[in-house]
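Undergrad: Quick one: the structure is below, and I'll ask about it shortly.
The values are calculated or read from the model by the stated rules, or taken from the named source; none is laboratory data. Because the structure is a prediction, the values reported are computed rather than measured. Ideal geometry is used to build each Cβ from the backbone, glycine not excepted, and the neighbour counts take in all protein chains shown.
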Amino acid sequence: MTTIRPFRCEDLFRFNNVNLDPLTETYGLPFYMQYLAHWPEYFQVLESPNGIIMGYIMGKAEGSGEQWHGHVTALSVAPEFRRLGLAGKLMNGLEEISERKWCYFVDLFVRVSNKVAVAMYEKLGYSVYRRVLEYYSGDVDEDAFGKFLVKISLHLVLVNL
Ligand SMILES: CC(C)(COP(=O)(O)OP(=O)(O)OC[C@H]1O[C@@H](n2cnc3c(N)ncnc32)[C@H](O)[C@@H]1OP(=O)(O)O)[C@@H](O)C(=O)NCCC(=O)NCCS
C-alpha cells in the first residue's frame, strides 16, 4: 500500500534514496522551501507502510491570463518502486490541482535523452511543443523538450456553451 501525502520539511532529510538517481535533479534547500511555502498543494510525496519515501512530485501554478498554468518542476520515483503506476498517479494529482485552480494547461521540461520519462508523458497525453537548446547544463549541455497538456476545464466548457 502506498500513501500519497503533502511533502513535509523533514522529508528533505529522507529522500536521498529517490534523489540518488542521475536523472533526478537535487536542488539547494532554499529551492525546496520556496515550493513548500508557496505551492504546498503541488508538493506531494509517496510513502510506503514502513516509512520509506518512494517518490515525489513538486510543481507550481504560474503565468497570467491565458498563460495561467500548472508546471511540473520535479518528478521522481525510487528505482525499486518504478513501473507500478506511481508517477502516473502523482501526475494525475497535479493535473487535478491545476484544474481546481482554473489553469489552462500543465507544462514541464524533460531531457531529450530521457526516453522513459518522454514515453511516460506521451502516454499521459502530453505533446512536445518546443525544443529548448542546451536547457540542461552539465559537462555537455543537453536540450529539453517542453511538453504540455491541455485539458478541457469546466470554465472552458462554460465559456463554450
Ligand atoms: C520517469 C519516472 C518518474 C516514471 O515513474 P514510474 O512510477 O515508473 O512510472 P509509471 O509506472 O507511472 O509509468 C507510466 C508509463 O510510463 C511508461 N514507462 C515507465 N517506465 C518505463 C520504462 N522503463 N520503459 C518504457 N516505458 C516506461 C509506460 O508507458 C508506463 O505505463 P505502463 O506501465 O502502463 O506501460 C521514473 O522512471 C523516474 O523517476 N525516473 C528518474 C527521474 C526522471 O526521469 N523524472 C522525470 C524528469 S522530467
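Undergrad: Taking only region 34-90 into account, find how many residues are closer than 16 Å to Tyr121 by Cβ and β-branched (Val, Ile, Thr).
TA: Adding up the residues that qualify gives 4.
Undergrad: Considering each of Val116, Val110, Val128, Val106 in turn, give the residue that is more than 22 Å from Tyr56 (Cβ to Cβ) and of a type in the set (Val, Ile, Thr). Spell out how you get there, then give the answer.
TA: Working: Val116 fails: more than 22 Å from Tyr56 (Cβ to Cβ); Val110 fails: more than 22 Å from Tyr56 (Cβ to Cβ); Val106 fails: more than 22 Å from Tyr56 (Cβ to Cβ).
None of the other options fit; the residue is Val128.
Undergrad: Here are some residues: Ser137, Ser64, Ser113, Ser153. Which one is at pLDDT 95 or above and of a type in the set (S, T, N, Q)? Steps first, please.
TA: Working: Ser137 fails: at pLDDT 95 or above; Ser113 fails: at pLDDT 95 or above; Ser153 fails: at pLDDT 95 or above.
Unique residue meeting the criteria: Ser64.
Undergrad: Is there a residue being in a loop (DSSP other than H, G, I, E, B) and surrounded by 14 or more Cβ atoms within 10 Å (Cβ to Cβ) anywhere in region 28-38? Outline the logic, then answer.
TA: Narrowing region 28-38 to residues in a loop (DSSP other than H, G, I, E, B): 28.
Among the residues that remain, those that are also surrounded by 14 or more Cβ atoms within 10 Å (Cβ to Cβ) are: none.
Looking through region 28-38, none of the residues is in a loop (DSSP other than H, G, I, E, B) and surrounded by 14 or more Cβ atoms within 10 Å (Cβ to Cβ).
Undergrad: Moving on. Given (1) over 14 Å from the mean Cα position of the chain (by Cα); (2) closer than 24 Å to Ser113 by Cβ, identify the lone condition not met by Asp11.
TA: (2)
Undergrad: Could you go through region 63-74 and let me know if any residue there is in contact (Cβ under 8 Å) with a residue 40 or more places away in the chain and surrounded by 18 or more Cβ atoms within 10 Å (Cβ to Cβ). If you could, list the steps in order and put the result at the bottom.
TA: Going residue by residue through region 63-74, those that are in contact (Cβ under 8 Å) with a residue 40 or more places away in the chain are 69, 74.
So of that shortlist, the ones also surrounded by 18 or more Cβ atoms within 10 Å (Cβ to Cβ) come out as 69, 74.
The answer is yes, given that some residue of region 63-74 is in contact (Cβ under 8 Å) with a residue 40 or more places away in the chain and surrounded by 18 or more Cβ atoms within 10 Å (Cβ to Cβ).
Undergrad: Inspect all residues belonging to region 24-42 and state whether any of them is within 11 Å of Val77 (Cα to Cα), more than 14 Å from the chain's Cα centre (by Cα), within 16 Å of the ligand (Cβ to nearest atom) and not hydroxyl-bearing (Ser, Thr, Tyr).
TA: Just the residues of region 24-42 that are within 11 Å of Val77 (Cα to Cα), to begin with: 24.
From the residues that got through so far, the ones that are more than 14 Å from the chain's Cα centre (by Cα) too are none.
No, that holds for no residue.
Undergrad: Name the pairs whose Cβ atoms lie under 9 Å apart, with the first residue in region 85-101 and within 17 Å of Lys147 (Cα to Cα), the second in a helix (DSSP H, G or I), and 6 or more positions between them or separate chains?
TA: Once the first residue is within 17 Å of Lys147 (Cα to Cα) and sits in region 85-101, its partners that are in a helix (DSSP H, G or I) give Ala87/Ala117; Ala87/Met120; Gly88/Met120; Gly88/Lys123; Met91/Met120; Met91/Tyr121; Leu94/Tyr42; Ser98/Tyr42.
Undergrad: Examine region 42-50 for a residue that is of a type outside the set (Ser, Thr, Tyr), more than 22 Å from Ser137 (Cα to Cα) and loosely packed, with under 14 Cβ neighbours inside 10 Å, and state whether such a residue exists.
TA: Filtering region 42-50 down to residues of a type outside the set (Ser, Thr, Tyr) leaves 43-47, 49-50.
With more than 22 Å from Ser137 (Cα to Cα) added as a condition, the list becomes 43-47, 49-50.
From the residues that got through so far, the ones that are loosely packed, with under 14 Cβ neighbours inside 10 Å too are 49-50.
Yes, there is a match, as at least one residue in region 42-50 is of a type outside the set (Ser, Thr, Tyr), more than 22 Å from Ser137 (Cα to Cα) and loosely packed, with under 14 Cβ neighbours inside 10 Å.
Okay, residues lined up against (1) farther than 20 Å from Tyr32 by Cβ; (2) among the small types (Gly, Ala, Ser):
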position	(1), (2)
Ile52	no, no
Gly63	yes, yes
Ser76	no, yes
Phe81	yes, no
Leu84	yes, no
Gly93	no, yes
Cys103	yes, no
Leu108	no, no
Phe145	yes, no
